[in-house]
Amino acid sequence: MKRLIKNYILALVMLLLALFQAVSGFMLWLVIPRGGGGYMGGRGISEDGQAVFIWTRDTWITIHDWVSVALLVIVVLHLVLHWKWIAYSTRAVFRQKR
C-alpha cells in the first residue's frame, strides 16, 4: 500500500508541475509576450516591470525555468522507480512480435 501511495504522490506532483509549466508557458507566449506586449514589440502593459497576473514577466520566466527543472527531476525519478516495469514491458512487446 505504501508503494501505491508513493506512486500516486509522484504522479500527482508530476501532473501539477506539468500544469503549472503549461500555464506559465501560456502566460509568456500569449498574455505577456516579448517586447512588453505592445504592437510590433512596442511599449505595452509590462514594459516598465508592471505586474501581470501577480508577477512581472521576468518572474514568470524564472518560475517557468525552475518548474521545468523540477519537472525534469520528477520525470527522471519516475523512470528510475519504474525501470523494472519499463524493461519487462519492452521485452514482452518484442517477444510477441517474433
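Table for the structure above
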read-out: Whichever residue in the range 49-98 is among the β-branched types (Val, Ile, Thr) and touching a helix residue (DSSP H, G or I) at 6+ places or on another chain (Cβ under 6 Å) and, among such residues, is modelled with the lowest pLDDT; value: Ile63
read-out: Residues (aliphatic (A, V, I, L, M) and either more than 16 Å from Ile74 (Cβ to Cβ) or without any contact (Cβ under 8 Å) to a residue 12 or more places away in the chain (or both)) located in the range 12-30; value: Leu12, Leu15, Leu16, Leu19, Ala22, Val23, Met27, Leu28, Leu30
read-out: Per-region count, the range 1-48, residues modelled with pLDDT of 85 or more and not in a helix (DSSP H, G or I); value: 0
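The values are calculated or read from the model by the stated rules, or taken from the named source; none is laboratory data. Source: prediction; values computed, not measured. All Cβ positions, even for glycine, are placed from backbone atoms using ideal geometry, and neighbour counts span all protein chains on display.
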